[in-house]
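To start, the structure itself, in structure tokens.
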Amino acid sequence: PPPEDPDEVPQLTVKFAFMLLIVVTVLTGLTAEFLVDSIAGLISSTRVTEEFVALILLPLVGNAAEHVTAVTVSVRNKLDLALAVAVGSSIQIALFVLPFLVILGWWIGQPLSLNFDTFEAVVVVLSVVVVNFAISDGRTNWLEGFVLMATYVLIGELSFSPVVLLWYPNQLLGVAVFYYN
């Protein structure tokens, strides 16, 4: 089939693109393994909480390619594709990957559930409401983008600050020991 846009002509063969996909997938898996192995050292040697790493750092690093793709296509004035990339990934994680990992966890004997605590549930609901507000009309402006970024900063601050101890009281001892040493 011909390309949708006559200016865009495929530059890779299907065979080369498939081989490149396999190589990049293997390299991504290896670097992800190194990243996950280094998290324990980061948490034990700094004031960074496990929640901050899980809610802010890992998604930021793990979805870097999607962020670049969304910005690149939005600069080319293809907002619908930018929104599809940005929101589609989150929907895929929420509706497929997370339930699949829970079932896989049961299968291999790892305790994993969809029982979110209060902080995590509030973050998910707040995120869904703000994103729905921003994309519901199919158009966007600077204020909606600012609200999205402010929500991200707010979630990051709440997960990094001692306020999160209200939801995770078992970390109080570890933070107290860190501050007094």
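The values are calculated or read from the model by the stated rules, or taken from the named source; none is laboratory data. It should be emphasised that the depicted structure is a prediction, and the values quoted were computed from it without experimental measurement. Neighbour counts are summed over all protein chains in view; Cβ atoms, including those assigned to glycine, are modelled from backbone coordinates with ideal geometry. The accessibility values were calculated without ligands, DNA or RNA, using every heavy atom of the protein model including side chains. Shrake-Rupley method; radii C 1.70, N 1.55, O 1.52, S 1.80 Å.
Quick rundown of the values:
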quantity: Those residues of region 76-97 which are outside any helix (DSSP H, G or I) and not polar (S, T, N, Q), in sequence order; calculated: Arg76, Lys78
quantity: Selection within region 64-77 - under 18 Å from Thr31 (Cβ atoms) and open to solvent by less than 50 Å² (accessible area, probe 1.4 Å); calculated: Ala64
quantity: Single unsatisfied condition, Trp107 versus (1) hydrophobic (A, V, I, L, M, F, W, C); (2) closer than 24 Å to Phe160 by Cβ; (3) more than 18 Å from the chain's Cα centre (by Cα); calculated: (2)
quantity: Residue in region 121-130 that is surrounded by 16 or more Cβ atoms within 10 Å (Cβ to Cβ), within 19 Å of Ala54 (Cβ to Cβ), at pLDDT 55 or above and not hydroxyl-bearing (Ser, Thr, Tyr) present; calculated: yes
quantity: Residues located in region 114-129, provided they are more than 16 Å from the chain's Cα centre (by Cα) and in a helix (DSSP H, G or I); calculated: Thr118, Phe119, Val122, Val129
quantity: Subset of region 50-71 [closer than 14 Å to Val123 by Cβ and among the small types (Gly, Ala, Ser)]; calculated: Ala54
quantity: Within region 148-163, tally of residues that are aliphatic (A, V, I, L, M) and either outside any helix (DSSP H, G or I) or open to solvent by less than 50 Å² (accessible area, probe 1.4 Å) (or both); calculated: 2
quantity: Helices (runs of 4 or more DSSP H) lying entirely in region 1-75 (those with 3 or more residues that are more than 25 Å from Leu158 (Cα to Cα)); calculated: 14-45, 64-75
quantity: In region 26-49, residue nearest to Val123 (Cα to Cα) [restricted to those that are open to solvent by 60 Å² or more (accessible area, probe 1.4 Å) and touching a residue at least 12 places away in the same chain (Cβ under 8 Å)]; calculated: Arg47
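Conditions tested, residue by residue: (1) open to solvent by 50 Å² or more (accessible area, probe 1.4 Å); (2) at pLDDT 90 or above; (3) over 16 Å from the mean Cα position of the chain (by Cα); (4) among the polar types (S, T, N, Q).
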site: Leu79; (1), (2), (3), (4): yes, no, yes, no
site: Ala84; (1), (2), (3), (4): yes, no, no, no
site: Leu98; (1), (2), (3), (4): yes, no, no, no
site: Val102; (1), (2), (3), (4): no, no, yes, no
site: Leu112; (1), (2), (3), (4): yes, no, yes, no
site: Ala134; (1), (2), (3), (4): no, no, yes, no
